[in-house]
């Protein structure tokens, strides 16, 4: 997969990792089949092995290490998804369908802390928000505070 599917690759990688973190085994089991399209049974088995490695690494990490591991796993899956054939309409459709299914499952899944459902940025799982925080940024009670203006150190 290449540029035309870049958004799908990024969001699908994020959704795969979120599904692993949330323990959505029924959905996660569908991921390796996507790789069969791009490389046959060997690629499917390699994807399954990577899922197992991802699950183990995410389970072993905690705190800030867990956040870093999530980012690392998302990058790993994005790299793997980029190896799928970009010019195959069937692969594109399968990737988009899997992304939609993972998103639906993640929205319905209980949040990791057991506190309701998970919704990200307008209710769409996998949306990305980049924020630049200055020295006075902090988190309190689950809320993020970024200060009152631009970083004065410029």
A student applying the Cα gyration tensor rule (rounded when a/c is under 1.5; otherwise prolate if a/b is larger than b/c, oblate if not) would label segment 60-107 oblate
According to a simple spin-label model (label point 7 Å from Cα along Cα-to-Cβ), what is the distance in nm between residue 42 and residue 104?
3.5
If the chain between residue 60 and residue 7 were fully extended at 0.36 nm per residue, the gain over the current Cα-Cα distance would be 16.2 nm
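No value in this document is a laboratory result; all are computed from the given coordinates. Just so we're clear, the structure is a prediction, and the values are computed from it rather than from any experiment. Using ideal geometry, Cβ is built from the backbone for each residue, glycine included, and neighbour counts are taken over all protein chains shown.
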